[in-house]
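The values are calculated or read from the model by the stated rules, or taken from the named source; none is laboratory data. Computed from a predicted model, the values in this text were never measured in an experiment. Cβ: placed from backbone, ideal geometry, glycine included. Neighbour counts: every protein chain shown. Remember, those area values only see protein heavy atoms, side chains included, never the ligands or the DNA or RNA. Shrake-Rupley method; radii C 1.70, N 1.55, O 1.52, S 1.80 Å.
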Amino acid sequence: MTHDAGHDWSPQTSSTTFRLNAVWFVNDSTGFVAGLNGTVLHTANGGRDWDRLNTGTSQKLMDVCFVNDSLGFVVRLLPG
C-alpha cells in the first residue's frame, strides 16, 4: 500500500499463499491481483482486505487489467 504515489510502500497481506504476478487498480480503493493456481483477488478498500474471486481455473494467471470494478481481463500462461 502507498499513500505518496508510490514513493514509499507498506507490505500488505492477502488471503492466499500462491504467488501473485500482477496488480491493477481501477481507482484509489478498488483493485485486483492475479497469480498462480487461478488466483484473482479483489479489494474494495485500497488493499487493506482482499477477497478471492472464483475464476473456475487452476491455470497460472500472469496479468490483469480492469476497465471498471466489474469488467476486466486476466491473461493466463499457455502451456508449452
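Here are some notes:
- Screening ARG48 against (1) at pLDDT 95 or above; (2) within 23 Å of ASP4 (Cβ to Cβ); (3) open to solvent by 20 Å² or more (accessible area, probe 1.4 Å) leaves a single unmet condition, (1).
- Pick from region 1-38, criterion of a type in the set (Ser, Thr, Tyr) and touching a Lys or Arg at 6+ places or on another chain (Cβ under 7 Å), ranking: surrounded by the fewest Cβ atoms within 10 Å (Cβ to Cβ): SER15
- Single unsatisfied condition, LEU78 versus (1) open to solvent by 60 Å² or more (accessible area, probe 1.4 Å); (2) over 23 Å from ASP4 (Cα atoms); (3) not in a loop (DSSP other than H, G, I, E, B); (4) not charged (D, E, K, R): (3)
- Per-region count, region 53-66, residues loosely packed, with under 15 Cβ neighbours inside 10 Å and either among the hydroxyl-bearing types (Ser, Thr, Tyr) or in contact (Cβ under 8 Å) with a residue 24 or more places away in the chain (or both): 4
- Test for ASP51: is it under 11 Å from the mean Cα position of the chain (by Cα) and among the charged types (D, E, K, R): yes
- Residue match in region 59-67 (condition: hydrophobic (A, V, I, L, M, F, W, C) and assigned to a loop (DSSP other than H, G, I, E, B)): yes
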